[in-house]
Amino acid sequence: MLAYLACPARALQLANRMLLAGVLLLLSGLLGAYGLEAQLSMGSLVTAHSLTIIGPGLLKLGYVLRLAAQQHLRKQQEPCCAIA
């Protein structure tokens with residue numbers, strides 16, 4: 001995994017995916033925890049509330065990874081690897 005993150009372009013791609021996943025988890029957690037609370041079972045409600053914590057955490061990690069990748073890309077100013 002560290003070799004994958006050594007390339008800033010790949011790290012940026014991963015960061016973008018983490019940001020998207022964080023937003024989706026947060027929105028689904030909010031919808032389940034506060035929009036559909038009457039229809040969900042207790043276990044589903046606990047899961048939905050957990051997603052409201054996990055989603056923003058993933059957002060923060062993705063944002064920090066994105067900042068680091070962009071900084072390394074600015075330093076290099078040259079392609080380092082191929083992204084499929």
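Read the figures in this text as sums done on the coordinates, not as results from a lab. It should be emphasised that the depicted structure is a prediction, and the values quoted were computed from it without experimental measurement. Neighbour counts run over all protein chains shown; Cβ positions are idealised from the backbone, glycine included.
For region 64-77, 3J(HN,Hα) computed residue by residue from phi via the Karplus equation (6.51, -1.76, 1.60; θ = phi - 60°) reads 5, 5, 5, 4, 5, 5, 5, 5, 5, 5, 5, 5, 7, 6 Hz, glycine and proline entered as x. Here the extension length gained between Glu37 and Gln70 equals 7.9 nm, from 0.36 nm per residue of separation less the Cα-Cα distance. For region 37-43, backbone phi angles converted through the Karplus equation (6.51, -1.76, 1.60; θ = phi - 60°) give residue-by-residue couplings of 4, 6, 8, 9, 6, 4, x Hz, Gly and Pro being listed as x. Report note on the peptides 13-19, 70-76: ranked by the mean count of other C-beta atoms within 10 Å, highest first, their order is 13-19, 70-76. Here the Karplus relation 6.51 cos²θ - 1.76 cosθ + 1.60, evaluated at θ = phi - 60°, turns the backbone of region 11-27 into coupling constants of 5, 5, 5, 5, 4, 4, 5, 5, 4, 5, 5, x, 5, 5, 5, 5, 5 Hz, with x for every Gly and Pro.
Packing here is the average count of other Cβ atoms within 10 Å per residue, and on that basis the peptides 40-46, 27-33, highest first, run 27-33, 40-46.
Counting every C-alpha pair in the chain, the share spaced more than 16 angstrom apart comes to 58%. Pairs of Cα atoms nearer than 8 Å and 6+ residues apart set the relative contact order; for region 1-79 it is 43 percent.
Within the shell of other residues whose beta carbon sits under 11 angstrom from the beta carbon of Leu65, the net charge comes to +4, with Lys and Arg scored +1 and Asp and Glu -1.
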